[in-house]
Each structure stands twice: as structure tokens, then as C-alpha cells.
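FYI, it's all coordinate maths here, none of it is from the lab. Everything quoted here is computed from the prediction, not taken from an experiment. Please note: Cβ atoms are built from the backbone with ideal geometry, for glycine as well, and neighbour counts cover all protein chains shown.
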Amino acid sequence: MTITKQAEGKKLTLALEGRLDTTTAPELEAELNASLDGITDLVLDMKDLVYLSSAGLRVVLAAQKRMNKQGHMTVKNVCADIMEVFEITGFVDILDIQ
């Protein structure tokens, strides 16, 4: 997985490319832990993400919980396959998906 990071003041956008699974989830988790201090607006751009496993869902949920305390998180450009995962798991009720 490739993570492209773009920061603008208190807004952070992470563009995810490839597969977010058991192998790559720790990489995203580490990036989020290192980058979220002082961030009030987090955007996860999933335009080029092709697969999301339960390990990836755990990292997304942890990011959402943290951002609930310090600001807002948006998930955007979700493909149909990953949207189906979000729907089946109930994440559509938790996340702001655009």
C-alpha cells in the first residue's frame, strides 16, 4: 500500500493506494499516530484503494474514534467493493463517507 500525505494547516489528507490488509494496516496506523496531533480535519481518500480487510477496518475505526475527540474525519472516493464492506459492517452509520 502507498500512503500519500498532504497537510494544509490543521487539515490532513491521506490518499491510500493498493490494499489495506493485515500486512499494511500497521503502516497506516503508524502514520496516523505520528500525524494526528493538532489535526482537526482528517480526510481518508480511498480513490485508489482496491481492498479493505478487517485489520484495515480496525485502523479506520480507531482513527474515527480519535477524530471524534479532536475534530472530524471524512472518507471519500470509496469504490463499490469497499462501500459494500462498509455497508455490511455498519461502518456507513459511523463514518462520514462522501
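Data for the structure
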| item | result |
| --- | --- |
| Pairwise label distance in nanometres, ILE94 with GLU8, each label 7 Å out on the Cα-Cβ vector | 2.8 nm |
| Volume per residue of the C-alpha convex hull in the chain, rounded to whole Å³ | 80 Å³ |
| Cα-projected label distance for ASP41 with GLU87, points at 7 Å along beta-carbon direction, nm | 3.0 nm |
| Segments 22-31, 70-79 sorted - mean Cβ within 10 Å per residue, highest first | 70-79, 22-31 |
| Segments 34-41, 46-53, 62-69 sorted - mean Cβ within 10 Å per residue, highest first | 46-53, 62-69, 34-41 |
| Expected 222 nm ellipticity per residue - DSSP helices of 4 or more, -39500 (n - 2.57), all of the chain, to 500 | -12000 deg cm²/dmol |
| Of the DSSP H helices in the chain, those whose Cα atoms cover at least 20 Å axially and whose Kyte score averages -1.0 or more | 54-70 |
